[in-house]
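What follows is a set of notes on a single structure, which appears directly below.
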Amino acid sequence: CVHRILDHFLAMDQETGGASPGLGEDAQMLASPSLMPITMVAKLIDGYLAEVAPDVNLKLPKFRSLAAAIPDYARPIDDGLYRAIDIYLKAHPHLSESEKEELCRVMDCQKLSLEACTHAAQNERLPLRVIVQVLFFEQLQLRSSIAECLMVSENLEGGSRQLIPTISGEQYRPGWPLASRENQALREGMDNMKQRVADLEKECSTMRDEIERLGRSRSTGKGRFSLNMKPQICSTKEAIPTTATTTATASEEKMAVVKGDTTPRLKLSRHKKKLSIEA
């Protein structure tokens, strides 16, 4: 029912000349996307998806089709959609890895805010590939933020050099204490962001190594099992003849004693007598 209502609204919106992908990003920004009807409907659908996501009887195709029914240009950011997907994954832990990846394709990682990226990077319910993508785009956002902070800091430092000379010969610029504090705060923020970027790069490299290791273990698991079994089989086969020979020798000696064969003893006594005579 909700899907049909949404389809009807989208059809009417296109007929009345609403927002469309052909307008371009600049035209859509001039049209105030926060007040556009299609944007408001997208937020409403994301909220509805978050409400129905905990239902264990809600099938994945139905949830995914409703989430994908909203055009990409209708969502300036995908934080609401990410929240709905996270709730659905939490309520449906039996989903396979391929099903999770199929559901997460509806979401655009580039449209996530920095807070949403930070949460998604630590979300164990998301597929590993999605987490790697989130880490990558989070690094890009942090680097762009660092570049903006550097530009602002340089502008502040350049403006601080244009000082006003006073009567006493000292130089003073209006608003200098405030600019100095802002500059210090920006430097601290840049240091924190640089540390965050380094941590994210380390996590990303660790996850890539883990993916490669899992792929190698899956492809070579069977071969290692067969190689480990071969030496055991060979050693077992070689031990059988030795045991049989020992058993046969012991049985022959027992038979000789039973029959009363004393030939070896007679030969030994004759040999001793011969040695005593020669001595």
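Every listed requirement among (1) at pLDDT 75 or above; (2) exposed (fewer than 10 other Cβ atoms within 10 Å of the Cβ) is met by Leu135 save one, (2).
Just name the residue that is farthest from Glu138 (Cα to Cα) out of those in the range 181-214 that are in contact with a Cys (Cβ under 8 Å, 6 or more places away or on another chain) and aliphatic (A, V, I, L, M). Steps first, please.
Going residue by residue through the range 181-214, those that are in contact with a Cys (Cβ under 8 Å, 6 or more places away or on another chain) are 186, 189-190, 193.
Filter once more, keeping what is aliphatic (A, V, I, L, M): 186, 190, 193.
Working: Leu186: 19, Met190: 15, Met193: 11 Å.
Out of the qualifying residues, it is Leu186.
Could you list, in sequence order, the residues of the range 47-88 that are outside any loop (DSSP other than H, G, I, E, B) and among the basic types (Lys, Arg)? It would help to see each step written out before you state the result.
Residues of the range 47-88 outside any loop (DSSP other than H, G, I, E, B): 47-52, 60-68, 72-74, 79-88.
Once the filter is applied, which keeps residues that are outside any loop (DSSP other than H, G, I, E, B) and among the basic types (Lys, Arg), the range 47-88 yields Lys62, Arg64, Arg83.
The residues of the range 76-129 that are farther than 17 Å from Glu203 by Cα and either in contact with a His (Cβ under 6 Å, 6 or more places away or on another chain) or of a type in the set (Val, Ile, Thr) (or both), listed by number, are Ile77, Ile85, Ile87, Val106. Among the conditions (1) assigned to a helix (DSSP H, G or I); (2) among the hydrophobic types (A, V, I, L, M, F, W, C); (3) modelled with pLDDT of 90 or more; (4) over 24 Å from the mean Cα position of the chain (by Cα), the only one that Ile38 does not satisfy is (3).
Return yes or no: is Tyr88 within 24 Å of Asp199 (Cβ to Cβ), surrounded by 19 or more Cβ atoms within 10 Å (Cβ to Cβ) and either assigned by TED's automatic domain parsing to the domain that holds Arg4 or under 13 Å from the mean Cα position of the chain (by Cα) (or both)? Full working, then the answer.
Working: within 24 Å of Asp199 (Cβ to Cβ): no; surrounded by 19 or more Cβ atoms within 10 Å (Cβ to Cβ): yes; either assigned by TED's automatic domain parsing to the domain that holds Arg4 or under 13 Å from the mean Cα position of the chain (by Cα) (or both): yes.
No.
Among the numbered conditions (1) of a type outside the set (A, V, I, L, M); (2) farther than 24 Å from Leu6 by Cβ; (3) not in a helix (DSSP H, G or I), tell me where Glu115 comes up short. Glu115 satisfies all of (1) of a type outside the set (A, V, I, L, M); (2) farther than 24 Å from Leu6 by Cβ; (3) not in a helix (DSSP H, G or I) except (3).
The residues of the range 91-119 that are charged (D, E, K, R) and surrounded by 14 or more Cβ atoms within 10 Å (Cβ to Cβ), listed by number, are Glu99, Lys100, Glu101, Glu102, Asp108, Lys111.
The values are calculated or read from the model by the stated rules, or taken from the named source; none is laboratory data. Note that the structure is a prediction, hence the values are computed from the model and not measured. Backbone-built Cβ (ideal geometry, glycine too); neighbour counts: all protein chains shown.
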